[in-house]
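Peer 1: Okay, here's the structure, questions in a sec.
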């Protein structure tokens with residue numbers, strides 16, 4: 001496990017709309033664009049093997065920018081396909097804040113970053129004193145039914161609260177801005193509250209759409 005002194009001041013960034021990585025969680029990625037293949041090759045040569053997952057955002061005028069806060073993941077697994085693509089697993093290490101994007105001729109984005117304010121991410125797993133599994137799973141069941149989704153309910157019933165809340169935050173089909181809100185939640189309890197709000201809003205929106213139709 002990486003510790004604070006091991007964290008670099010500069011990391012490569014992988015902007016991917018809707019792809020959320022959280023500390024102590026795992027994110028599978030399929031990398032095939034030449035610039036990100038180059039990024040992965042360079043990352044594997046470092047001691048930390050960190051890639052920063054970040055959400056793009058649109059600003060007035062249609063210009064693409066990046067959100068200020070992302071989450072860095074360490075490459076903990078990868079395999080190469082016969083046609084030169086990579087199947088990669090990132091293990092979430094810590095959130096970070098972008099200080100400035102680096103100028104240069106790299107085909108991918110690099111940024112100077114700060115880890116300040118996210119020391120909890122490097123510690124042991126969080127707990128949520130207000131966590132109540134039964135109503136959360138009941139709400140999730142309604143949401144999945146409304147979207148035609150399926151899951152391993154036995155695993156959800158047994159998963160530790162942090163793994164359950166973070167996995168649902170990463171996997172549920174929310175908009176990029178909603179994913180960003182889940183990422184920036186200051187605690188596991190706040191993330192669970194945000195998750196519940198997003199699911200309830202999605203269910204209400206679905207009911208409204210059905211009524212209008």
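Peer 1: Output the 0 to 90 degree angle, nearest 10, between the alpha-carbon long axis of helix 161-171 and the longest principal axis computed from the alpha carbons of the chain.
Peer 2: So the inclination is approximately 80 degrees.
Peer 1: When the helices in the chain are scored as -39500 (n - 2.57) per DSSP H run of 4 or longer and the sum is shared across all residues, what 222 nm value do you end up with, to the nearest 500 deg cm²/dmol?
Peer 2: For the chain, the value works out to -11000 deg cm²/dmol.
Peer 1: Using only Cα atoms, locate the centre of segment 128-150 and the centre of segment 29-84, then give the distance between them in Å, rounded to an integer.
Peer 2: Here the answer is 31 Å between Cα centres.
Peer 1: Does segment 133-212 come out rounded, prolate or oblate, given a ≥ b ≥ c as the square roots of the eigenvalues of its C-alpha gyration tensor, rounded meaning a/c under 1.5 and, failing that, prolate meaning a/b above b/c?
Peer 2: Cα axes put segment 133-212 in the oblate bin.
Peer 1: Expressed as a rounded percentage, what relative contact order does the chain have, with Cα pairs under 8 Å and six or more residues apart?
Peer 2: Reported as a whole number, the value is 22 percent.
Peer 1: Quick one: compute the contact order of segment 4-122, relative version, from alpha carbon pairs under 8 angstrom and 6+ residues apart, as a percent.
Peer 2: 32 percent
Peer 1: Ok, one more. If you find the alpha carbon centre of segment 1-18 and of segment 161-180, how far apart are they in angstrom?
Peer 2: Here the answer is 20 Å between Cα centres.
Peer 1: Given a cut-off of 27 Å, what percent of all Cα-Cα pairs of segment 1-140 lie beyond it?
Peer 2: Within segment 1-140, distances greater than 27 Å cover 26 percent of Cα pairs.
Peer 1: Helix 188-212 versus the longest principal axis of the chain: what angle, 0 to 90°, nearest 10, using Cα atoms?
Peer 2: Its long axis makes an angle of about 60 degrees.
We did not get these values from a lab; they are worked out from the coordinates using the rules stated. Just so we're clear, the structure is a prediction, and the values are computed from it rather than from any experiment.
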